[in-house]
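So the structure is just underneath, and the comments pick up after that.
The values are calculated or read from the model by the stated rules, or taken from the named source; none is laboratory data. Computed from a predicted structure; not experimentally measured. Cβ atoms come from the backbone with ideal geometry, glycine included; neighbour counts cover every protein chain shown. Areas reflect the complete protein model, heavy atoms only, side chains present, ligands, DNA and RNA absent. Shrake-Rupley method; radii C 1.70, N 1.55, O 1.52, S 1.80 Å.
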Amino acid sequence: MATNSIPPIHDPSKLFFQVEYVRRSIIAAYWAIIILALPLWWRTTSIERLALPSSRVVEQARHSLRIPIRIGLQTGSDRAQLQKSLDTIMKWEPQRWEGLSVLIHETEMQRPDDRGSRSSQFWAKSALDGSYTVQNSEEISVYGRHLSFPTSSVSLLASLLGELIAPSISSHRVAQYSPRYRLSFTLLNEDAASGDSFIDWDVSDAVDSHIQPVLDQLKVLHNFTIESQVQLHAPLAFMPRSLNHGFGIDPEDLTVFVNSAEWTLCKVTFLMYVALRSPETQHQVLQITQSYTSWFLFHPQLDDPFISLTATVPFSSLATTLCRLTALAGEIALSTTFLLPQWGGIVILNPDGLAQGTKLASASLDPIFSAFSEHLLLLLGVPSLPTNIAKSSNRLTDWQIDALLRYRTLRNSQESQETLRSIVSLVDQIENMPVGQDVRDDVQGALVALEAMFEVSKASLVDTFRLSARAFTLSSRAFFSPGMLALLYFPAEHKYAVYTPMFASAVIPLVVAALKEFASWRRQRKGQMASKGKDLPVEQTR
C-alpha cells in the first residue's frame with residue numbers, strides 16, 4: 001500500500017531573507033531612508049514665520065486722517081459767523097464729520113455773466129487745488145466746485161454746506177470698496193414654457209445712454225467690467241396678492257421672490273451678450289452665441305465683487321401688472337423697483353405694453369436702465385444733491401464726487417489700520433501661524449501707503465484716496481492670505497491627529513524589529529564572550 005510522502009519542513013532560519021546579515025541589512029535600509037528623509041520632512045513641514053513690523057503698525061494706528069476742506073467766501077460776507085455755524089453743526093454730529101476739517105476764508109471773485117464764462121482762470125484754479133467757493137446769488141445752484149447762494153441767511157448756508165461736504169451715506173447699503181467691480185445686467189424670464197420669453201435685448205445702447213456716463217465720472221474710484229445675460233427662471237413659489245389692477249408682492253414674500261443665494265446670476269453658463277469696458281480695453285464688445293463656461297473659469301477678473309442689476313419679466317398669467325407693496329404710514333405704496341443692500345437692484349418689467357417679439361428694444365429699456373442708474377449710484381455710495389439745489393446738467397457734480405472720495409478715503413484708512421492691527425494681534429496670539437514673504441511685503445506696502453497718504457492729505461484729495469485704496473487692498477490681501485487662513489481652520493493639533501495614526505502603523509513594526517535585532521545581537525555577543533572566557537584557561541594550562 002502506497003503511503004503519501006510528506007514534504008520535508010524547511011528551517012525558517014535557512015531562508016535567504018532570514019539570513020542574519022540580510023535581515024539586518026533590510027531593517028537598517030529602512031531606518032537609513034527614514035533618517036535621510038528627516039531633513040526633507042522638516043523643511044517641507046516647517047512653518048515660515050517672518051517678523052512683522054509690529055511697532056510701525058502700532059504707531060500708525062495712533063494716527064487719524066484729517067482731510068482739510070477750504071471754502072472761499074466772497075469778500076464782504078460774514079465769514080466768522082459762517083465758521084461758527086459750521087463748527088456748531090460739526091460739534092452736534094461728530095460721527096458724520098469725523099476726519100474732516102473745514103476752514104472758511106474770504107476771497108476776491110468776480111461774478112460771471114453767464115454759464116459759459118465760468119471756465120475762467122479762477123474756476124480752473126478752484127478745481128485744481130480742491131477748494132470750494134461760495135458767491136452771492138439770487139438762486140441756489142452749483143457748478144463745478146462753486147456754490148451760488150443768497151448769503152443773507154448764514155444758518156441756511158451752513159446747513160447746505162454741511163449736506164454738500166458731509167452728506168449722510170448709509171454704510172449698510174453701500175457695497176464694500178473694491179478697485180474693480182463687475183456689473184452684471186440680467187434679463188430674467190419667468191414665463192419660458194409658453195414661448196413668450198425675451199431672448200435678446202438692446203443692452204449695449206441702454207448701457208451707453210444711462211450707465212456709461214456714470215462710470216466715466218467714477219473712473220477715478222473704480223474700474224468696471226460690464227456683463228449682460230439672458231436667463232430663464234422657474235415660476236414663483238407663492239401666489240402674489242390679487243389687486244384691482246393686477247398683482248402685488250407683500251414685503252414678507254420679498255425674501256422668497258428675491259433670494260440672492262438662489263439667484264446664482266454670477267455663475268453664467270449661457271451668455272447672449274458680454275460687454276467689457278476697462279482702461280485696457282476702452283470699448284470692446286464680445287458677442288457670444290454659445291456656452292463659454294471655460295472663458296469664465298479662467299477669466300482674471302472673476303474674483304472682483306459683483307453688482308447685479310436684474311430686470312425680471314413675470315409670468316404672463318399674472319394679469320397685466322406685478323408690483324411690490326410697501327407699507328408707508330399705514331398706507332400701501334406700489335413700486336416696481338427695489339434695492340438689495342450691497343448686492344444689486346431689481347426692476348419688475350411687466351410685459352403689458354411691451355412690443356411683441358423675442359427682443360426688447362431700446363425704447364422699452366429706457367425706464368429700466370434709468371432705475372438701474374439710480375440703484376448703481378446708491379450701491380456705490382454716491383450722495384444725492386439737496387432738493388433745493390439746481391444744477392446745470394444731469395451729470396454728477398464735483399461736490400458729489402468729492403464727498404464720495406472723502407467717504408471712501410476715510411473708510412479705507414480706518415479699515416486698513418484695523419486690519420493691520422488684527423494681523424499683528426493674530427500672529428502674536430497664535431504661535432504657529434505662518435507669516436510668509438508675501439504677507440510681510442503686503443503689510444510693509446500697506447504701511448508705506450498709509451505713511452504717504454498722511455503726507456499728501458493736505459495737498460491732493462485724489463492722491464490721498466489712491467494711497468488709501470492701495471493700503472486697503474494690500475492689508476486685506478495680507479489678512480486673507482491662504483497661508484495664514486489655513487492654520488485657523490487646520491491648527492497643529494489637527495495635523496498631529498491626522499498624521500499620527502498613519503505614521504504610527506508604519507513606524508511601530510520597524511521599531512519592534514530593530515529592538516528584536518538589537519536584543520538578538522546582544523545575546524549573541526554575550527554568548528561569544530562567554531565561550532571565549534571558557535576557552536582561555538585551557539590554553540594557559542597547555
Within the stretch 227-245, can you find the residues that are touching a helix residue (DSSP H, G or I) at 6+ places or on another chain (Cβ under 6 Å) and assigned to a strand (DSSP E or B)?
Ser228
For the stretch 429-467, give me the residue count where each residue is in contact (Cβ under 8 Å) with a residue 40 or more places away in the chain and either assigned to a helix (DSSP H, G or I) or under 24 Å from Ile401 (Cβ atoms) (or both).
18
Test: Pro39 is touching a Lys or Arg at 6+ places or on another chain (Cβ under 8 Å) and exposed (fewer than 15 other Cβ atoms within 10 Å of the Cβ)
no
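Residues of the stretch 383-400 being assigned to a helix (DSSP H, G or I) and either free of Cβ contacts under 8 Å to residues at least 12 places away in the same chain or crowded, with 20+ Cβ neighbours inside 10 Å (or both), which ones?
Selection gives Trp399, Gln400.
Results for (1) at pLDDT 80 or above; (2) part of a helix (DSSP H, G or I); (3) among the small types (Gly, Ala, Ser); (4) surrounded by fewer than 19 Cβ atoms within 10 Å (Cβ to Cβ), shown as yes or no for each residue.
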| site | (1), (2), (3), (4) |
| --- | --- |
| Ala469 | yes, yes, yes, no |
| Leu487 | no, yes, no, yes |
| Tyr496 | no, yes, no, yes |
| Ile508 | yes, yes, no, yes |
Yes/no for Ile346 being at negative phi, in contact (Cβ under 8 Å) with a residue 40 or more places away in the chain and either open to solvent by 10 Å² or more (accessible area, probe 1.4 Å) or in a strand (DSSP E or B) (or both)
yes
Residue by residue through the stretch 42-69, note down the ones that are surrounded by 11 or more Cβ atoms within 10 Å (Cβ to Cβ) and farther than 26 Å from Thr419 by Cβ.
Ile69
If I ask for residues that are more than 60 Å from the chain's Cα centre (by Cα), modelled with pLDDT of 75 or more and open to solvent by 80 Å² or more (accessible area, probe 1.4 Å), which ones from the stretch 510-542 would you list?
Lys516, Phe518, Trp521, Arg522, Arg523, Arg525, Lys526, Gln528, Met529
Going through the stretch 130-188 in order, the residues found to be in contact (Cβ under 8 Å) with a residue 60 or more places away in the chain, under 21 Å from Ile89 (Cα atoms) and among the aromatic types (Phe, Trp, Tyr) are Tyr132
Say whether the condition of being over 41 Å from the mean Cα position of the chain (by Cα), at pLDDT 80 or above and closer than 30 Å to Glu517 by Cα is met by at least one residue in the stretch 71-90.
no
Among what's in the stretch 406-444 and is within 22 Å of Ser159 (Cβ to Cβ) and out of contact with any strand residue (DSSP E or B) (no Cβ under 6 Å at 6 or more places or on another chain), pick the residue that is most open to solvent (accessible area, probe 1.4 Å).
Tyr407
Selection from the stretch 125-139 of residues that are open to solvent by less than 40 Å² (accessible area, probe 1.4 Å) and either assigned to a strand (DSSP E or B) or modelled with pLDDT of 85 or more (or both):
Tyr132, Thr133, Val134, Gln135
Residue check for Arg182: surrounded by 15 or more Cβ atoms within 10 Å (Cβ to Cβ), farther than 15 Å from Leu73 by Cα and basic (Lys, Arg)
yes
